[in-house]
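The values are calculated or read from the model by the stated rules, or taken from the named source; none is laboratory data. Predicted model only: the values in this text are computed from it and were never measured. Positions of Cβ are backbone-derived with ideal geometry, glycine not excepted, and every protein chain shown enters the neighbour counts. Just so you know, the surface numbers come from the protein's heavy atoms only, side chains and all, with ligands and any DNA or RNA stripped out. Shrake-Rupley method; radii C 1.70, N 1.55, O 1.52, S 1.80 Å.
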Amino acid sequence: MESTKTPPRFRFGEFALDVRAYALHDAHGIVELEARAFDVLLWLIEHRERVVTKDELMAGVWHDQFVGESTLTRIISLLRKA
C-alpha cells in the first residue's frame with residue numbers, strides 16, 4: 001500500500017523548511033544551504049523540544065563518520081548567516 005502522508009514542512013519565523021524538496025525558503029525565495037547544513041537544521045528542528053548536546057548532534061547528523069568540531073562550528077555559522 002502506498003503512503004499518502006505528506007513529508008513535513010516546518011515553519012519558523014519567516015522561514016519554511018521543506019523536507020521533500022530539501023530546501024529552506026524565506027520571504028525572498030530559496031535560501032542556499034549546503035546539504036550538511038540542511039541536515040543539521042532539520043535535526044535541530046526535529047529535536048526542538050529539548051536541548052541537544054554537541055556530541056548528540058554530531059552523531060545524529062554524521063552517524064559513524066569522524067568530523068572535527070571545526071566542521072560543526074562552520075555549519076552552525078552558515079546557518080546563522082542564512
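Averaging 1/r over every pair of different alpha carbons in the chain and inverting the result gives a Kirkwood radius of 13.9 Å. Remark: segment 36-51, residue by residue, has Karplus-estimated 3J(HN,Hα) of 5, 5, 4, 4, 5, 4, 4, 4, 5, 5, 5, 10, 5, 7, 8, 7 Hz, where x stands for each Gly or Pro and the curve is 6.51 cos²θ - 1.76 cosθ + 1.60 at θ = phi - 60°.
Of the GluC sites (Glu not before Pro) found in the chain, those in coil by DSSP whose Cβ has at most 16 other Cβ atoms within 10 Å are Glu2, Glu14, Glu32, Glu34, Glu49. Converting phi to 3J(HN,Hα) with the Karplus coefficients 6.51, -1.76 and 1.60 and the offset θ = phi - 60°, segment 65-81 yields 7, 7, 9, x, 4, 5, 5, 5, 4, 5, 5, 5, 4, 4, 5, 5, 5 Hz in sequence order, with x at every glycine or proline. Given their separation in residues at 0.36 nm each and the Cα-Cα distance between them, Val51 and Phe12 gain 12.3 nm when the chain is fully extended.
Remark: relative contact order (segment 15-82) = 29 percent; criterion is Cα-Cα distance under 8 angstrom and separation of 6 or more residues. Heavy atoms of the protein chains alone define the surface here; on that basis the chain has 74 Å² accessible area per residue at 1.4 Å probe size.
Over the chain, DSSP H runs of length four or greater, each weighted -39,500 (n - 2.57), average out per residue to a 222 nm ellipticity of -12500 deg cm²/dmol.
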